[in-house]
1. Take region 110-123 and flag every residue that is among the hydrophobic types (A, V, I, L, M, F, W, C) and free of Cβ contacts under 8 Å to residues at least 12 places away in the same chain.
2. Can you list residue pairs whose Cβ atoms sit under 8 Å apart, with the first residue in region 124-140 being open to solvent by 50 Å² or more (accessible area, probe 1.4 Å) and the second being at pLDDT below 90? Count only pairs 6 or more apart in sequence or on different chains.
3. Among the residues of region 141-151, what is the count of those that are buried (at least 17 other Cβ atoms within 10 Å of the Cβ) and either aromatic (Phe, Trp, Tyr) or touching a residue at least 40 places away in the same chain (Cβ under 8 Å) (or both)?
4. Within the set of pairs 6+ apart or on separate chains, which have a first residue in region 63-79 that is more than 8 Å from GLY124 (Cα to Cα), a second that is part of a strand (DSSP E or B) and open to solvent by 60 Å² or more (accessible area, probe 1.4 Å), and C-beta atoms under 6 Å apart?
5. With the structure loaded, tell me whether THR115 is at pLDDT 95 or above and not hydrophobic (A, V, I, L, M, F, W, C) or whether it fails that test.
6. For region 62-86, what are the residues that are open to solvent by less than 40 Å² (accessible area, probe 1.4 Å) and closer than 30 Å to PHE147 by Cβ?
7. Determine whether ILE34 is open to solvent by 80 Å² or more (accessible area, probe 1.4 Å), at pLDDT 90 or above, part of a helix (DSSP H, G or I) and within 22 Å of LEU175 (Cβ to Cβ).
8. Can you pull out the residues in region 87-123 that are open to solvent by 30 Å² or more (accessible area, probe 1.4 Å), outside any helix (DSSP H, G or I) and closer than 14 Å to PHE30 by Cβ?
Amino acid sequence: MKASAVESGEISKGAAPRKGLIRGLSVMDFILRIVAAISALGSALTMGTTRETLPFTTQFVKFRAVFKDLPTFVYFVTSNSIVCVYLVLSLALSFFHVIRSAAVKSRVLLVFLDTVMFGLLTTGASAAAAIVYVAHYGNTNANWFPFCQQYNNFCERISGSLIGSFIAVVLFIILILMSAISISKHS
């Protein structure tokens with residue numbers, strides 16, 4: 001009888017730090033989701049409200065740059081918006097994991113959905129980064145000249161928007177890794 005009490009005592013001593021670690025990861029997951037949602041929302045809003053008209057316009061021709069003139073930027077705004085909505089909705093499940101740290105199946109679902117959203121966010125940010133690079137430096141082989149010399153404000157805003165989106169990408173990597181650690185600690 002005493003041997004089983006000692007064994008159960010050893011198990012509970014080992015389980016307490018594991019449970020505390022999982023709960024800590026769950027709290028960190030919740031906080032990182034909020035930060036990632038703010039970052040994705042900020043990127044979508046910054047890109048979605050970017051426009052600039054050059055001061056030397058004629059009566060018939062206006063020189064302006066608007067984000068929706070480039071389909072890549074429209075995709076960027078759409079993907080960041082979808083990811084932001086997903087992150088806000090996933091906060092409920094993340095909070096559930098803070099309360100009930102023993103849940104495994106919902107963590108697996110969250111890892112799967114996080115991976116899908118990570119892919120969507122990465123494709124949007126990468127496609128927009130390619131266009132921003134061409135806007136800044138051009139491509140002489142294709143006779144594409146950099147237009148950021150004329151549209152300074154436009155290019156500053158789209159570049160800043162990319163920074164926010166790539167911050168969200170890095171946070172998704174951390175979220176996926178933390179969820180994988182939490183799942184492995186349950187095994």
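The values are calculated or read from the model by the stated rules, or taken from the named source; none is laboratory data. Remember, it's a predicted structure, so these values are computed and weren't measured experimentally. In this analysis, Cβ positions are derived from the backbone assuming ideal geometry, glycine residues included, and neighbour counts consider all displayed protein chains. The protein model used for the area step is the full one, side chains on, heavy atoms only, and it has no ligands, DNA or RNA in it. Shrake-Rupley method; radii C 1.70, N 1.55, O 1.52, S 1.80 Å.
1. PHE112, VAL116
2. ILE131/LEU70; HIS136/PRO146; HIS136/CYS148; HIS136/CYS155; TYR137/PRO146
3. Total satisfying the criteria: 1.
4. Here the result reads ARG64/THR53; VAL66/ARG51, each pair linking region 63-79 to a residue that is part of a strand (DSSP E or B) and open to solvent by 60 Å² or more (accessible area, probe 1.4 Å).
5. yes
6. If the condition is that a residue be open to solvent by less than 40 Å² (accessible area, probe 1.4 Å) and closer than 30 Å to PHE147 by Cβ, then ALA65, VAL66, PHE67, THR72, PHE73, PHE76, VAL77, SER79, ASN80, VAL83, CYS84 are the ones that fit.
7. no
8. The one that is open to solvent by 30 Å² or more (accessible area, probe 1.4 Å), outside any helix (DSSP H, G or I) and closer than 14 Å to PHE30 by Cβ: ARG100.
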